[in-house]
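Just so it is clear, none of the values below were taken in a lab; they were calculated from the coordinates. These figures come from a predicted structure and were not determined experimentally. When we count neighbours, we look across all protein chains shown, and the Cβ atoms used for this are built from the backbone with ideal geometry, even at glycine.
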Amino acid sequence: MTGEQIPLTSGHADQQTQDTGAVTTYLHGGGAAGRWLNRRSVPGRGPGGRGLPGGRGVSELVADFGHQFPPVPVPVARPREVDPFTLLVGRHGRRGQAAGWAPVPAPLAVHRMTSEQVGGAWPLIAGDGLASTGALMGVDYLSGGAFYADPMGWALGSTTGVTNPNMMFFGAPGRGKSGTVKMFVLRMMAYAYRTLVLGDVKDEYEVLCRALGVEPHAVGPGLPARVNPLDFGPLGSDWSRLSREQARSRAAQVFGRWLVLIQGLVGSQHVAFGPSESAVVGHVLRELTGYSDGADRLAEITIPQIWQQLHDPSPALIAECRFADRQHCLDATRGLRDALGSLVKGPLAGLFDAATTVTVDWRASIQSLSLSRLSPLGEEAVGVALTCLNSWGRAMTQVAEPGDKRIIIRDECWKQMRLGLDAVKSLDADLRLSRTDGCIQVVIAHKPSDMLSVGDVGSQAVHIAKDFLHLCGTKVLLGQDSQIGDELSALLGLSPMAERIITGWATAARGRALWMVGNHAAKVATIRTPVDVALTDTNAAIADHVLPGDGS
Ligand SMILES: Nc1ncnc2c1ncn2[C@@H]1O[C@H](COP(=O)(O)OP(=O)(O)O)[C@@H](O)[C@H]1O
Ligand SMILES: [Mg+2]
């Protein structure tokens, strides 16, 4: 800037800059007809200085209108920046032996483009990585940096497209889904996260539990452990310290959870559970626990007790649920009684129908219930067990204090979902709650069609199961064959490049996955430390699930 331009009009000064003593001031208010005066710079003269010889200065002119220029700050002398590129390499390269000097310069074409276009012109450019918070998982091959998993941070921060901390893992058997999840929970423990494994159907989390000093519980025919799904769980721990109002509100929570559970269990026997059944069961629960009689401390009950009470309905039940007489009540509750009866007398008899015998430390760093001994009883039995445990898991999150952070793992979750609509609804509700209860729900499955086989095409269960994908802000897609890759692409709207990562790169080694964090994609190889190797090795235990060519 070498001069000063002043449109001389009546008006006010609205902008002023200075460069080596020259001032540019715009005065406006007089419209296009303003007269311009162009004046050469006078070094060292500021706006407060005198004008040209024989004329008035700008400041004097402005002062006529009652304004004053602010004083010009004295520029701070900055030290000259050191040039980091001291040695410039010419077009022939560096001189000297083996330094890369070329007698003929490389025929380079010069292009000019925007930073948006540069990614297309030079595809080897690295993308942005995610923030380095949370569990350090491994290397992101797209950004070239370390990859950190922090689902809660992603949901609370500004990671585009992540609205909840839930995670869904897909991958062919033996690709390292469970291993990746184990490493994730282990590394998140450094940030005070506790872990609850809601049903370990292959007993593969036992090693991890023992390494953390927690003895996992196991249920199955012939084992002494009993789990009462109607246990108070953590809700029963400090009941005596609650005031009367608090005790009543906690009772309401307990009844709500039990009703959802019984609905799921009855639904698993393909018996409808509508509002009338809900009213009947609700009444029986209040009667059996002593709530109807005004007790503050509820008595623990079991499923056989409910079943028996329904066989011998009390006059209060008949009256409150508006049955004409005892026979009417028995006829109307036949389906309900038979469904509960099959749980009491069926293959699961003796497992979930008595008071709990295991002592669960709800404050331990990890808790897990091994279910592999149930496998011979069939998938339905495992599904029912998972439903019972789900109810416990919900109780745990209901009493969680602020700052009590949990990761809830549902490995092989489709076994529970196959039970039908009620089981799917219950999982759906848990995933939706994660934003309010601060839990990270981790769902592990083989392929999307596992989710969709929960009911007939177009059924409500399938519809809800499809929604699961959107209830999980983060999808971790491990190696798959190309057919399932297509299925995933169709459901998640993956780009061809993303699909190739899943069906190609990710199948070349275990633990490799495409992490879809909202709209952000990361191509991650999870790195195992020597400690992790011992904790994640499942090859020996699940010989049927290893990949061809493993030789194990
Ligand atoms: N990140 C990893 N790097 C190398 N090997 C892994 C990794 N994760 C798991 N594995 C190995 O892969 C095998 C199968 O892993 P697993 O987690 O049981 O698979 P999935 O749950 O997908 O069936 C395990 O024996 C484990 O040792
Ligand atoms: Mg697994």
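Of note:
- Once backbone amide H atoms are built at 1.01 Å from N, Asn228 has Thr356, Thr357 as its partners under 5 Å, excluding neighbours fewer than 5 places away on the same chain.
- With the simple model of a label 7 Å out from the Cα in the direction of the Cβ, Phe85 to Glu380 spans 7.4 nm.
- Based on DSSP H segments of at least four residues, each scored -39500 (n - 2.57), the chain has a per-residue ellipticity at 222 nm of -10500 deg cm²/dmol.
- Axial C-alpha extent at least 20 Å, average Kyte-Doolittle at least -0.5 - helices from the chain (DSSP): 244-268, 275-289, 379-398, 421-437
- Ranked Trp122, Trp515, Trp258, Trp101, criterion: other C-beta atoms within 10 Å, fewest first: Trp122, Trp101, Trp258, Trp515
- Both radii come from the Cα set of segment 354-459: Rg as radius of gyration, Rh as Kirkwood radius; their ratio Rg/Rh reads 0.97.
- Amide H contacts of Gly138: Phe147, Ile527, each under 5 Å away and 5 or more positions distant or on a separate chain (H built 1.01 Å from N in the peptide plane; Pro and chain starts excluded).
- Size descriptors for segment 480-527 (Cα atoms only): Rg and Dmax, in that order, 10.1, 29 Å.
- Cubic angstrom per residue, convex hull over Cα atoms of segment 135-238: 185
- Calculated P(r) of the chain - Cα pairs past 44 Å, %: 41
- Relative packing of 458-467, 87-96, 196-205, which averages over residues the other C-beta atoms within 10 Å, highest first: 196-205, 458-467, 87-96
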